[in-house]
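The values are calculated or read from the model by the stated rules, or taken from the named source; none is laboratory data. Owing to the predicted nature of the structure, the values given are computational and were not obtained by experimental measurement. Here Cβ is always computed from backbone atoms with ideal geometry, including for glycine, and neighbour counts include all displayed protein chains.
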Amino acid sequence: MKSYRVGQYEITPLFDGPLPSSLEKIPDLSHRAEAERLVSAVGPHALILEVYAFLVRGEGQTILIDTGTGNLKGPALGKVSNELQRLGVEPSAVTAILMTHLHGDHYGGLIGEDGPAFINAKLFIHEKEAAFFYDVAEADMPERGRKILAPVRDVLKLYEGKIQIVGTEEVFAGINALPAPGHSYGHTCWHIRSQGQSMLALGDLIHISYIHLKAPYIAMEYDLDPKQALGSRLRILNWVADEDILIAGAHLPSPGVGKIKRDGNCFAFEAQ
Ligand SMILES: [Zn+2]
């Protein structure tokens, strides 16, 4: 399995499986037509998303960034646990899990057969994401939020007493959340810096790479605040392109790690 070194940390993408998406998930019809043109230039595989979680080892920690789908999306996915096994990493050896946001394809792997899948791990959640699921009255939530409220609260209950709500402070040496709200209200990237090197785990900043790098303004139905999502996307894509920062995306093409390059007015993904 391919790994990447960022100073003291070794980062390994864990492939969870292929997740089919659909143009129907683009509510704006003119955007949908534009996306259709972009997809037809690539081929139908453009709509099959990779799902990745990332293993980060170093500084005495065994950290996961997201956990894949677990049992939530059918037997073709949920392979993060097999990938950990292949690497010889016992679930009980995982010390921390950094969540980019609380959607099923990211938290599904937290659920074990009979309790939490990672019995010794602390769960790190950005304060805005936690506030959405703990503090917002159900009546004040957008419909999409209300739909996922009960399953998310069930998962969080599994980790009761081990949940760490964070802002942008360092959670481990050189690792901190970098908020990128919009897809969810508390969606966050995770920045890893060590010995002058760095990597940014993007979460769902880019959803369908063949569409969103070319037309970042195209929103999906699960973007809770599309305007804010676009702002976050442009700000961070410009930054990682300018600074030549290595990125790791939950739904980027294999191997999920690479660089963002400028391509005229838009962007391109260069796998590494
Ligand atoms: Zn996702």
Query raised in the report: Here are some residues: Ala229, Ala219. Which one is part of a loop (DSSP other than H, G, I, E, B) and over 22 Å from Gly7 (Cβ atoms)?
Result: Ala219
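Could you check the stretch 46-68 and list, in sequence order, the residues that are farther than 22 Å from Ile218 by Cβ, within 16 Å of the ligand (Cβ to nearest atom) and touching a helix residue (DSSP H, G or I) at 6+ places or on another chain (Cβ under 7 Å)?
To start, the set of residues in the stretch 46-68 that are farther than 22 Å from Ile218 by Cβ comprises 53-68.
Now narrow it down to the ones that are within 16 Å of the ligand (Cβ to nearest atom): 53-54, 64-68.
Correct list: Ala53, Asp66, Thr67, Gly68.
Among Ala201, Ala130, which is the only one that is surrounded by 14 or more Cβ atoms within 10 Å (Cβ to Cβ) and closer than 30 Å to Asp244 by Cβ? Can you show your working first?
Working: Ala130 fails: closer than 30 Å to Asp244 by Cβ.
Result of the check over Ala201, Ala130: Ala201.
Just checking, which of Ala201, Ala241 is assigned to a strand (DSSP E or B) and either more than 16 Å from the ligand (Cβ to nearest atom) or at pLDDT 95 or above (or both)? Working first, answer last.
Values: Ala241 fails: assigned to a strand (DSSP E or B).
Of the residues listed, the single one that is assigned to a strand (DSSP E or B) and either more than 16 Å from the ligand (Cβ to nearest atom) or at pLDDT 95 or above (or both) is Ala201.
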Query raised in the report: For the stretch 17-45, what are the residues that are within 16 Å of the ligand (Cβ to nearest atom) and of a type in the set (A, V, I, L, M, F, W, C)?
Result: Leu19, Ile26
Query raised in the report: Within the stretch 50-68, is there a residue that is basic (Lys, Arg), surrounded by fewer than 21 Cβ atoms within 10 Å (Cβ to Cβ) and more than 24 Å from Leu246 (Cα to Cα)?
Result: no
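With respect to Pro75, is the statement that it is out of contact with any helix residue (DSSP H, G or I) (no Cβ under 9 Å at 6 or more places or on another chain) and either closer than 17 Å to Phe15 by Cα or at pLDDT 95 or above (or both) true? Let's see the steps before the verdict.
On the way: out of contact with any helix residue (DSSP H, G or I) (no Cβ under 9 Å at 6 or more places or on another chain): yes; either closer than 17 Å to Phe15 by Cα or at pLDDT 95 or above (or both): yes.
Yes: the conditions hold for Pro75.
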Requested in this report: Would you please list the contacts, defined by Cβ atoms under 7 Å and residues six or more apart or on different chains, that run from a residue in the stretch 252-272 that is part of a strand (DSSP E or B) to a residue that is surrounded by fewer than 17 Cβ atoms within 10 Å (Cβ to Cβ) and among the basic types (Lys, Arg)?
Outcome: Phe267/Lys261; Ala268/Lys261; Glu270/Lys259; Glu270/Lys261
Query - Residue list for the stretch 124-147, restricted to those being assigned to a helix (DSSP H, G or I) and within 21 Å of the chain's Cα centre (by Cα) - result: Glu127, Lys128, Glu129, Ala130, Ala131, Phe132, Phe133, Tyr134, Arg144, Gly145, Arg146, Lys147
Report task. Could you check, for the stretch 31-48, whether at least one of its residues is modelled with pLDDT of 95 or more, buried (at least 21 other Cβ atoms within 10 Å of the Cβ) and closer than 30 Å to Asp154 by Cα? Result -> no
Report summary line: Residues in the stretch 136-152 that are over 17 Å from Thr67 (Cβ atoms) and either modelled with pLDDT of 80 or more or surrounded by 15 or more Cβ atoms within 10 Å (Cβ to Cβ) (or both) total 5
Query - Matching residues in the stretch 9-34 - criterion: being among the hydroxyl-bearing types (Ser, Thr, Tyr) and not in a loop (DSSP other than H, G, I, E, B) - result: Tyr9, Thr12, Ser30
Query - Top-ranked residue in the stretch 75-123 [being among the charged types (D, E, K, R) and away from the ligand (no atom under 16 Å from the Cβ); ranked as farthest from the chain's Cα centre (by Cα)] - result: Asp114
